1. Mind checking segment 1-92 for GluC sites (Glu not before Pro) that DSSP puts in a loop (not H, G, I, E or B) and that have at most 13 other Cβ atoms within 10 Å?
2. What span do the alpha-carbon atoms of the chain cover on each of the three principal axes, reported in whole Å from largest to smallest?
3. How large is the convex hull of the C-alpha atoms of segment 1-60 per residue, in Å³?
4. Counting only trypsin sites (Lys or Arg not before Pro) that sit in a DSSP loop (anything but H, G, I, E, B) with at most 11 other Cβ atoms within 10 Å, what is the longest stretch of the chain containing none of them?
5. Segment 41-83: Rg/Rh from Cα coordinates, Kirkwood Rh?
6. Which order do you get for 39, 103 if you rank them by accessible area with a 1.4 Å probe, largest at the top?
7. Collect residues whose amide H, placed 1.01 Å from N in the peptide plane, falls under 5 Å from the amide H of residue 54; neighbours closer than 5 in sequence don't count.
8. Please list 3J(HN,Hα) in residue order for segment 120-137, calculated via the Karplus relation 6.51 cos²θ - 1.76 cosθ + 1.60 where θ = phi - 60°; whole Hz, with x for glycine and proline.
Amino acid sequence: PNLDHLAETGGGNELAMDFPVSRLGPESLDFSFSGLKTSLLYAVRGQPLKGGGFERGHESLTDSRRADLAASFQRAACRAVVLKLERALSRGGGPSHGPDPRSLLVGGGVSANSRLRRELRTLADRHGLQLHLPCMPFCVDNAAMIAGLGSVLLAAGHRSDLTLSAVPTTSC
């Protein structure tokens, strides 16, 4: 929410920096924002120094520059998400990919981002998809997504006791 608000206020010049949009290969649907985050770090703090630290501190940023960097960062992050969705949609249906999608369901905290919501509406309209975005009060964490996955796993007969370890990925 802070990044979104900052990007929408002040200068908000999304072209202040042309941050990288991760692609991870021509067919990849995976995400990595490490290069984007590093680019932002260097834009804010300058290059790393040999003895440790950076050329400058974040305190040197003006409010306008902070807003411009936030808008540029948000633009690149949203472009990466939309790029991966475009790739997934271009694969279409068929025997190996299932039926053609008719809707796009978005969840998690990132679904509160106003720019991402606008770009997803545009994407859905362009592809004739019904877009399902949660109301803003439901965009604060991933609890609904975790519960949804839990429901699917439970229905498939997967159960675990309290000795289950936390694993950030699943093979479902």
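The values are calculated or read from the model by the stated rules, or taken from the named source; none is laboratory data. Model, not experiment: these values are computed from the prediction. Cβ: placed from backbone, ideal geometry, glycine included. Neighbour counts: every protein chain shown. Areas reflect the complete protein model, heavy atoms only, side chains present, ligands, DNA and RNA absent. Shrake-Rupley method; radii C 1.70, N 1.55, O 1.52, S 1.80 Å.
1. Values: sites: 8, 14, 27, 55, 59, 86; in loops: 14, 27, 55.
Passing sites in segment 1-92 are 27, 55.
2. 55, 45, 35
3. With only Cα atoms used, segment 1-60 gives 135 Å³ per residue.
4. On the way: sites that count: 50, 102, 159.
Formally, the longest exposed-site-free interval is 103-158.
5. Numbers: Rg = 12.9 Å, Rh = 11.7 Å.
Dividing the radius of gyration by the Kirkwood radius yields 1.11.
6. Values: 39 35, 103 60 Å².
Ranked list, largest accessible area first: 103, 39.
7. Close amide H contacts, sequence-distant or interchain: 49.
8. 5, 4, 4, 4, 4, 4, 4, 9, x, 9, 7, 9, 10, 10, x, 5, 3, x
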